[in-house]
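Accompanying notes for the structure given below.
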Amino acid sequence: MTSEATVPCEFCKGKGSTGPVHINRGDAPHEWRESMPCRDCAGTGRWTAERHARWQAGRKMRAERLARGESLREAAQRMGITPARLCDIEAGRAALAPAEKPGSDGEGR
Ligand SMILES: [Zn+2]
């Protein structure tokens, strides 16, 4: 057994679920759900210290990007990644690969 330190999930505030949420499936009528299992903690309401650190790093990146007046799309383009991926990184869902670090050489297209 590892006694891993956990912290409450920042997205659901430790509830393990989020909601009410608005679901938009293209053409289908929009739908409201009372609550959904939180996808950021898989419904557990807890994050590991590592997950929390990643979220904090992502939030810092986002704050820096906003301070530069850069949109998600512009920043993603500059870093050579998709806006969806940058969004995940800023939310701490994905880790930033070393090659994606801002300021690195990149592949030069
Ligand atoms: Zn959560």
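Nothing in this text is a laboratory measurement; each read-out follows from the coordinates by a stated rule. The model shown is predicted, which means the values in this text are computed figures rather than measured ones. Counting neighbours? That spans all protein chains shown, and the Cβs are built from the backbone with ideal geometry, glycine included.
Helix 49-67 sits at what angle to the longest principal axis of the chain, using alpha carbons and giving 0 to 90 degrees rounded to 10?
Orientation of helix 49-67: about 50 degrees from the principal axis.
Output the lone cysteines of the chain: those with no second cysteine's C-beta under 4.7 Å from their C-beta.
Among the cysteines of the chain, those whose Cβ sits 4.7 Å or more from every other are Cys87.
Can you give the longest stretch of the chain with no exposed loop site, where a site means GluC sites (Glu not before Pro) in a DSSP loop (not H, G, I, E or B) with at most 15 other C-beta atoms within 10 Å?
71-106
At what distance in nm do the modelled label points of Leu72 and Ser17 sit from each other, each positioned 7 Å from its Cα along Cα→Cβ?
2.6 nm
If you average the sequence gap of Cα pairs under 8 Å that are 6 or more apart and divide by the length of region 1-99, what percent do you get for the contact order?
Dividing the mean separation by the residue count of region 1-99 yields 24 percent.
Just subtract the alpha-carbon distance of Gln56 and Glu34 from 0.36 nm times their residue separation and send over the number in nm, one decimal.
Here the segment from Gln56 to Glu34 would lengthen by 5.1 nm.
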